[in-house]
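Novice: Quick one: structure below, then a few questions.
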Amino acid sequence: MITKDQKKDSIELRAKGFSFDKISTQLTISKSTLISMSQNLQDEISTYKNIYKEQHLEELKINFNCKLNVLAIKKKI
């Protein structure tokens, strides 16, 4: 029986791009069960993928702005 935590973790790991083999090993769930479960949870996986993409874009924006600020400061000096 798959626990709620295992289900949630499998959704998050698939959304992050982990393979079924790696998830299977990490969560001790059979690969065939993960594949079947993932087909039924495709909407949730897609939602998490979008969330992770947005978070990554925000991090990139922050890093870019920090680098711009450093360059602006160096240019003033």
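Novice: Can you say whether residue 13 is at negative phi and either touching a residue at least 24 places away in the same chain (Cβ under 8 Å) or open to solvent by less than 60 Å² (accessible area, probe 1.4 Å) (or both), as far as the supplied structure shows? Show your work before the answer.
Specialist: Working: at negative phi: yes; either touching a residue at least 24 places away in the same chain (Cβ under 8 Å) or open to solvent by less than 60 Å² (accessible area, probe 1.4 Å) (or both): yes.
Criteria met by residue 13.
Novice: A follow-up question, please. Given 26, 6, which one is modelled with pLDDT of 95 or more, open to solvent by 100 Å² or more (accessible area, probe 1.4 Å) and out of contact with any Pro (no Cβ under 7 Å at 6 or more places or on another chain)? Before you say what the answer is, go through the steps one by one.
Specialist: Details: 6 fails: open to solvent by 100 Å² or more (accessible area, probe 1.4 Å).
Going through 26, 6 in turn, just one is modelled with pLDDT of 95 or more, open to solvent by 100 Å² or more (accessible area, probe 1.4 Å) and out of contact with any Pro (no Cβ under 7 Å at 6 or more places or on another chain): 26.
Novice: Scan the range 33-56 residue by residue and report those that are of a type in the set (Phe, Trp, Tyr) and surrounded by 16 or more Cβ atoms within 10 Å (Cβ to Cβ).
Specialist: Step one: list which residues in the range 33-56 are of a type in the set (Phe, Trp, Tyr), which gives 48, 52.
Once the filter is applied, which keeps residues that are of a type in the set (Phe, Trp, Tyr) and surrounded by 16 or more Cβ atoms within 10 Å (Cβ to Cβ), the range 33-56 yields only 48.
The values are calculated or read from the model by the stated rules, or taken from the named source; none is laboratory data. Just so it is clear, the model here is predicted, and its values are computed rather than measured. Here the Cβ is made from the backbone with ideal geometry for all residues, glycine too, and neighbour counts use every protein chain on show. Each accessible area value is taken on the protein alone, full model and side chains, heavy atoms only, with ligands, DNA and RNA left out. Shrake-Rupley method; radii C 1.70, N 1.55, O 1.52, S 1.80 Å.
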